[in-house]
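So the structure is just underneath, and the comments pick up after that.
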Amino acid sequence: MRLHAAIIPVLLTVLLVGCRSRPGGVDYNQWKEALKTRRATAVRHVTAIPGFEVDLLRTATSEEGSWVSLEFDGEGRLLIGREGPGILRLTLPKWQFGRTHVEVVNDELNECRGLLWAYGSLYANANNSKGFYRLRDTTGDDQFNEVTLLRKTGGGVGHGRNSIALGPNGFIYLTHGNDVLLPEDFKPGPGSTYRNYASDQLLPCEWNRVLFNKGVKPPAGHIIRTDRDGKRWELVAGGFRNPYGLAFHSDGELFVYDADMEWDEGSPWYRPTRVNHVISGGDYGWRQGTDKWPAYFPDSLPSNADIGLGSPTAIAFGTESNFPEPYRQALFILDWAYGKIFAIHLTPEGVSYRGQADEFVTGRPLNVTGMDFGPDGAMYFVTGGRHTKSGLYRVRYVGTTEPSSLGQVLDQAGLDEAKRARALRRKLEQYHSQRSIEGVGLAWEHLGRDDPWMRHAARVALENQPLDLWQLPALTESDTKKALVALMALARVGDAKVQSQLFVRLNDLPWDNLPAQWQLVALRSYQLGFTRMGEGQPGDREAIIKKIVAASEESPELRMEVSRLLIYLEAPGIIPGLLNYVVDSKSPEERMFYLFHMRHIVGGWTQAHRRAYFAWLKKMTNAGGVQQVELSLKHIVAEALATVPPGEREPFVALFEREAKPVAPEPERLAERTVVHNWTMADFADLGVDSAKRNLINGRRVLKTAACLACHHFDGEGLFVGPDLTAIGARFDARAMLESILEPSRVIDDKYRNVAISTKQGDLIEGRLVAEKDKSLLVAPNPYQPSYTREIMLSAIATRKDSGFSPMPVGLLNCFRREDVLDLLAVLQAVPAK
């Protein structure tokens, strides 16, 4: 690391801040178009690749509800889970103009996102009923008279109880999002191979508590394996956000399609929607807020195909289809938000696969939710969700020639080699549950493999073996690669008493000359030594700093992880080198990584350093981005300013003071206006807003005059202090929006809830909690000046509680006429033109 290199002049360098583009020709809110239609999207608005044809078989009636899942039973009939209570059974006609027979086979289980026909029974993962159920016909009348709760699951329902699949081993696999908790009686046995999980974030972020999914801890989203009676409940993989669908490859390998957090787009902790190969004991690195693991962390498993922004739902392999190659072997994944079905072509690579995405079907709107292949070899899928109009569709192959192969195809020798590699990995995975000296030997043999999937299988096998069989070998192994993985395993499961020995051995190994992936193993092992074993001895730190500064600078990943460790270790003299990394960053995300972590540095700053650091923060905040990234930058600024001594802080605070805007926050001016009426919800009991009949120009005038843009962003104007109103009409109806304006404290989003503090002197301080430190709180009391903060010592606090009052003032619309209010709602309800 160039600790003493000259700082490139900041103001002469252009900062290019960009973000990933959304899929062309569509937008996230296209799903809203299916809210008020009478029929499902016509096939003329749905496009398949050449050689395939899409048929609309049925539009759901209002009584049939909105549909979220699809499964064929043993008789070839369609089972459909409704978004509300109930499961439908559809018997399709045998001839073209016959009638579809529809019946309700269950009217109690609520939102069955997962349906599986197996062992003569219907299994349901009922999200809003919070349980895993089995439905059986025990009387022979073709009705499910027996409904049994096999396992109750706690937690929320947003990222909830999702799909189910039957594995080649006869077990049933379920996928759960990060709102679902393990059952209260869960006791991990040998079959629960996902173990020893933790957040493992070296540098804390206090404002994670105000970000989405606050409080969610590992295992987060996870995969469960159970038997036909639901008695076994084994946790086999975790670290997901919301893997909705899961399916098995013809090789017997399990895959899921995991969700992103679209608000994080443009930040270093953003992870796109992605296809994951799920293997025993796999940790896939999702952690709440800014704590998400980067894809290159060696103790997590990487993506097999990054898709980008989207909303994953069901997935299925085409193995049972009559599609030609390569589509018969493809994994089909559904994207609800952008109305697409992708075919993922998987090529064996080592013990895993490399995926290539191919757009297969697209439509607008096409809110795809469930999919299965029928007895006729065709693909069937349903649309629905969020109370939208549902339809049942079929995709048939009608071509006469087989499509050309996509992606790289291995020859037979390559396929045989991949098969042998998978067999070896599965042999290692036997020792994820079993303990023996043979397991230690087999794991040890493969710790040094360059294939991260094989290396993972060996490490998890080793961690499951008695520690006394391998702790000493881990500390004395002479093969550098094997030693690094063994030491990472020891850092994860070993006793804190061996921490210093672990660090000494890492310092002695010549890992700094190895390829980047192995240097990352070493750097991560240091991190785990601290997160799992404690802060360490003062004498350990100096030797570690001396070792890691010699690490290669050949990749952004190495630079970022060396920086993370040096900041944690409070290494002296690192600020100039870090600022050079800021300047030389290959992407805005890398640049934000350094600025984000440098907020922890308290000492060693010169005025020139501070000017350079805050100038870069100012450039990034000016560049804009999605709302959550702008909010994150504000948090970074607030925490960084808190490290500047009083008397030196004011010039940097002034950098981030809100500049004059056309619509300025002037509460005094609002208070001076003439009150027309003290509006309440009772005054709008007959609320009905037809935007086509409203004065949208007047509505925009009201939006500005009421000072909404002083805190909110709308269609390119205003600030991001409060929620973005640009597409609020896609999420809420007019009544809900009006209630939020007239009664802002009725429901307060946790991300915007203030904290109320009374001091021992009787002073009341209310504002947004920016940070919690060991001896103080940092509060932003003025919503119009989010960068201005007050530090309150814990010793001075008498009481502290979440405020029951919204930061948004009441009475904003009292100086307007009823017609003005309706025009404002019409503007908010309309989706602005792109």
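The values are calculated or read from the model by the stated rules, or taken from the named source; none is laboratory data. Fair warning: this is a prediction, and the values are worked out from it, not measured in the lab. Methodologically, a virtual Cβ is constructed for each residue, glycine included, from the backbone with ideal geometry; neighbour enumeration extends over all protein chains shown. All accessible areas refer to the heavy atoms of the entire protein, side chains included, with ligands and DNA or RNA removed. Shrake-Rupley method; radii C 1.70, N 1.55, O 1.52, S 1.80 Å.
Computed quantities for the displayed model
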| item | result |
| --- | --- |
| Under Karplus coefficients 6.51, -1.76 and 1.60, residue-wise ³J(HN,Hα) of the range 314-329 in Hz, glycine/proline x | 6, 9, 6, 7, x, 4, 8, 8, 9, 6, x, 5, x, 6, 5, 9 |
| Accessible-area composition of the chain, carbon plus sulfur, in percent [1.4 Å probe] | 51 percent |
| Positive-end residue of Gly282, Tyr526, Gln627, charge dipole of the chain with Cβ unit charges | Gln627 |
| Percentage relative contact order, the chain, counting C-alpha pairs under 8 Å, at least six apart | 11 percent |
| Per residue accessible area of the chain, 1.4 Å probe, in Å² | 42 Å² |
| Reachable lysines from Lys214, criterion Cα separation under 21 angstrom, eight or more residues apart if same chain | Lys130, Lys292, Lys634, Lys751, Lys773, Lys801 |
| Net charge over other residues, Cβ less than 13 angstrom from the Cβ of Leu346 (K, R count +1; D, E count -1) | -2 |
| Trypsin sites (Lys or Arg not before Pro) restricted to DSSP loop in the range 548-632 with at most 12 other C-beta within 10 Å | Lys586 |
| Formal net charge of residues neighbouring Lys419 (Cβ-Cβ distance under 14 Å; K, R +1; D, E -1) | -1 |
| Counted charge near Lys546, where neighbours are those whose Cβ lies closer than 13 Å (Asp, Glu -1; Lys, Arg +1) | -2 |
| Neighbour-limited loop hits for GluC sites (Glu not before Pro), the range 546-601 (at most 12 other Cβ within 10 Å; DSSP other than H, G, I, E, B) | Glu554 |
| Antiparallel DSSP beta bridges within the range 238-291, percent to nearest 5 | 90 percent |
| Probe 1.4 Å, all protein chains present, accessible-area order of Asp774, Asp335, Asp715, Asp686, largest first | Asp774, Asp686, Asp715, Asp335 |
| Theoretical ellipticity at 222 nm over the chain - DSSP helices of four or more residues, -39500 (n - 2.57) apiece, nearest 500 | -7500 deg cm²/dmol |
| Trypsin sites (Lys or Arg not before Pro) within the range 36-116: DSSP coil, no more than 13 neighbouring Cβ in 10 Å | Lys36, Arg38, Arg39, Lys94, Arg99 |
| Packing-based order for 640-653, 363-376, using average beta carbon neighbours within 10 Å, highest first | 363-376, 640-653 |
| Anchor Lys497: lysines whose Cα lies under 16 Å away (excluding residues fewer than 8 positions away in-chain) | none |
| Mean separation of Cα contacts under 8 Å (6+ apart) over length of the range 401-559, as relative contact order % | 17 percent |
| Exceeding the 25 Å Cα-Cα cut-off - candidates Lys482/Lys586; Lys36/Lys693; Lys482/Lys547 | Lys482/Lys586 |
| Residues with amide H under 5 Å from that of Gly282, placed H, sequence gap 5 or more | Gly238 |
| Length-normalised contact order of the range 155-290 in % [C-alpha pairs under 8 Å, at least 6 apart] | 27 percent |
